[in-house]
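A short write-up of the structure that comes next.
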């Protein structure tokens, strides 16, 4: 992953991670348990986004995948080609009795830079665009309201460019992408220099709604 880093400083590491994976070695997408709800967001590399969202109270599971495009069951290589219309996203399984969709969406806007168009830091392309999916009119209203409020606070110097679109389909990413941050932090230069600072910034911004082990 990451066109600059993984094709230069850590190309050998990534090749090792990919080696042995097959095109159909995708993660399983479980059905929500009774009382669980789903939310789907894309904010650049799903390695850091997945970690950030999984640290929130009320979040039971996060699966990295692809959404927003037209190609069915795309591979990472397909999405990276920018020919599918998909973005790297995460699907969040959460307990609405613990965390609301609005609070989850608000956290999403602080887990990445929603003012960057078709990129996040060193990662460029429509597959890294900021995108939020809604499943109900209420979720759409919540997203638009949060965008309006965040823009008004001037938290970011530029206006938010996040796409707000109706949810259509989610396709899981390959198994080796799942939980990648925790598995490889410390041995992947990209995670250390790009992903970890984003996660640490997120923890500081959302400390009050993090699971206890991440509030330190």
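Every read-out reported here was derived from the displayed coordinates using simple, explicitly stated rules and does not represent laboratory data. These figures come from a predicted structure and were not determined experimentally. Glycine also receives a Cβ, built like all others from the backbone with ideal geometry; neighbour counts cover every protein chain displayed.
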Next on the checklist: If I model a spin label at residue 165 and residue 61 as a point 7 Å from the Cα along the Cα→Cβ vector, what separation in nanometres do I get?
Outcome noted: 2.5
Checklist entry - Efficiency by 1/(1 + (r/R0)^6): what FRET value for residue 28 and residue 77, r their Cβ-Cβ distance, R0 = 22 Å, to the nearest 0.05? => result 0.60
Item to check | Helix-only CD estimate at 222 nm, as mean residue ellipticity for the chain, using -39500 (n - 2.57) per DSSP H run (n ≥ 4) | outcome: -8500 deg cm²/dmol
Item to check | Three-way shape label, the chain, alpha-carbon gyration tensor, a/c 1.5 | outcome: rounded
Item to check | For a label point 7 Å along the Cα-to-beta-carbon line of residue 182, residues of segment 84-128 with backbone N under 16 Å | outcome: 91-94
Item to check | Length gained when the stretch residue 193-residue 119 is fully extended (0.36 nm per residue, less Cα-Cα span) | outcome: 25.0 nm
